[in-house]
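One structure below.
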Amino acid sequence: SIIEKNASNNDNDKSWVDSFIRDWLGFVYKIKVNKNKVYQIYKQKIRTDDYDELCKHLEELKVYSTYYHKIYHIKKETDLQIRKHLKYFLQLEVNTATPLLMAVYRDYGENHIDKQQFLETLSILESYIFRRWICGLSTNALATSFLNVYEKINNGDYVSSFKRAFYNKTKNYRWPNDQEFESALKVKSIYGSKTKNVAYLFENLENYNNKEIIEVFNNSEITIEHIFPQKPSEQWQKDLSSKDYELLSTKYLHTLGNLTLTGYNASYGNKSFIEKCNFPEIGYKSSRFQLNQYLAQLPNWNSK
């Protein structure tokens, strides 16, 4: 059927129908459905022998399955800006937001909102998920939180009401404000925690205000570089005070401040900062990454 085709992985023919129905039930009935009880709950909710009602129900499922398919097969979306945000949604791996995204996607597909409004809602959703990760707030318990957002959208004020629905959440579901986010971002050890989230962060940093887009997540040649290495050479001890060496070895080693992008990680190894900067043809001074232009101007590297 069309629904089965839409709710499947084209790469290996694996069926995702259970997951799709689970997300649909969650959205329509505002309930969290256990993976093992999808069929039981579905039978409980869809109790009718009326042919017209069943046809109407299946048509509704078919429509939602179309947007479910686009979310998980982003190449089906022809608009590159929307596709980029769908890629980011998949990178952030918070599947409990899928029911909400399906509903908003449908609003866009049926022209209830325009493209700009859709892009803004996608950005808000990304920000909520990403801020919470940086601030160490769990995403595991957000299923109910996402399900309650859609009903708070005002169609005459779509984006603002969508944003308010997140801003007004409290306690375990809260939206981390700018100050909380900035403070956490400076000290969070991000390297080695959630690789896809780190790639999301660096891809957005590198491409900020830049039309020459570089894909970090899908590029095997690009890796995260520790400026102060994980296994520093003896030269680092000579170049740094004992206090700086300790701070960089422990507190700052895996934080955003000590990380950048490179295609030459193996070549850099544990070389000193000056050697990395001046490495012929591939050093920070020769790097095409915007993030490394700042490094190239520095005389040394320390905790400051």
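The values are calculated or read from the model by the stated rules, or taken from the named source; none is laboratory data. Just so you know, these numbers come straight off a predicted model, no measurement behind them. Because the Cβ atoms are built from the backbone with ideal geometry, glycine has one as well, and the counts that use them run over all protein chains shown. Only protein heavy atoms, including side chains, enter the accessible area calculation; ligands, DNA and RNA are left aside. Shrake-Rupley method; radii C 1.70, N 1.55, O 1.52, S 1.80 Å.
What's the number of the only condition in (1) without any contact (Cβ under 8 Å) to a residue 60 or more places away in the chain; (2) surrounded by 13 or more Cβ atoms within 10 Å (Cβ to Cβ); (3) out of contact with any Pro (no Cβ under 7 Å at 6 or more places or on another chain); (4) not hydrophobic (A, V, I, L, M, F, W, C) that ASN197 fails to meet?
Of the numbered conditions (1) without any contact (Cβ under 8 Å) to a residue 60 or more places away in the chain; (2) surrounded by 13 or more Cβ atoms within 10 Å (Cβ to Cβ); (3) out of contact with any Pro (no Cβ under 7 Å at 6 or more places or on another chain); (4) not hydrophobic (A, V, I, L, M, F, W, C), the odd one out for ASN197 is (1).
Output yes when any residue across the stretch 46-55 is within 24 Å of TYR150 (Cα to Cα) and of a type outside the set (A, V, I, L, M), and no when none is.
no
In the stretch 214-271, what residues are open to solvent by less than 40 Å² (accessible area, probe 1.4 Å), part of a helix (DSSP H, G or I) and in contact with a Ser or Thr (Cβ under 8 Å, 6 or more places away or on another chain)?
Correct list: TRP236, ASP244, LEU248, TYR268.
It is to be established whether one or more residues within the stretch 117-132 are open to solvent by 50 Å² or more (accessible area, probe 1.4 Å) and over 22 Å from GLU215 (Cα atoms).
Among the residues of the stretch 117-132, at least one is open to solvent by 50 Å² or more (accessible area, probe 1.4 Å) and over 22 Å from GLU215 (Cα atoms), which makes the answer yes.
Please determine whether any residue of the stretch 233-244 is more than 22 Å from TRP301 (Cα to Cα) and out of contact with any strand residue (DSSP E or B) (no Cβ under 7 Å at 6 or more places or on another chain).
No, every residue in the stretch 233-244 fails to be more than 22 Å from TRP301 (Cα to Cα) and out of contact with any strand residue (DSSP E or B) (no Cβ under 7 Å at 6 or more places or on another chain).
Among the residues of the stretch 66-82 satisfying the criterion of being in a helix (DSSP H, G or I) and free of Cβ contacts under 8 Å to residues at least 40 places away in the same chain, which is surrounded by the fewest Cβ atoms within 10 Å (Cβ to Cβ)?
LEU80
Would you check which residues across the stretch 272-304 are open to solvent by 10 Å² or more (accessible area, probe 1.4 Å) and either of a type in the set (Lys, Arg) or under 27 Å from the mean Cα position of the chain (by Cα) (or both) and list them?
The answer is LYS285, SER287, ARG288, PHE289, GLN290, LEU291, GLN293, TYR294, LYS304.
Check off (1) within 30 Å of VAL149 (Cα to Cα); (2) open to solvent by 30 Å² or more (accessible area, probe 1.4 Å) for ILE190 and give me the number that stays unchecked.
It fails just one condition, (2).
Condition test on ARG106, is it out of contact with any helix residue (DSSP H, G or I) (no Cβ under 8 Å at 6 or more places or on another chain), open to solvent by less than 50 Å² (accessible area, probe 1.4 Å) and among the basic types (Lys, Arg)?
So ARG106 does not fit the description; no.
So, in the stretch 36-65, exactly how many residues are surrounded by 11 or more Cβ atoms within 10 Å (Cβ to Cβ), over 12 Å from TRP24 (Cα atoms) and of a type in the set (Val, Ile, Thr)?
1
Which count do you get for residues in the stretch 111-154 that are in a loop (DSSP other than H, G, I, E, B), of a type outside the set (S, T, N, Q) and over 21 Å from LEU25 (Cα atoms)?
Selection size over the stretch 111-154: 6.
Inside the stretch 155-200, can you point out the residues that are aliphatic (A, V, I, L, M), within 19 Å of the chain's Cα centre (by Cα) and in a helix (DSSP H, G or I)?
Within the stretch 155-200, ALA184, LEU185, VAL198, ALA199 meet the criteria.
Quick one: count up the residues across the stretch 9-33 that are of a type in the set (S, T, N, Q) and modelled with pLDDT of 85 or more.
Going through the stretch 9-33 one residue at a time, the tally reaches 1.
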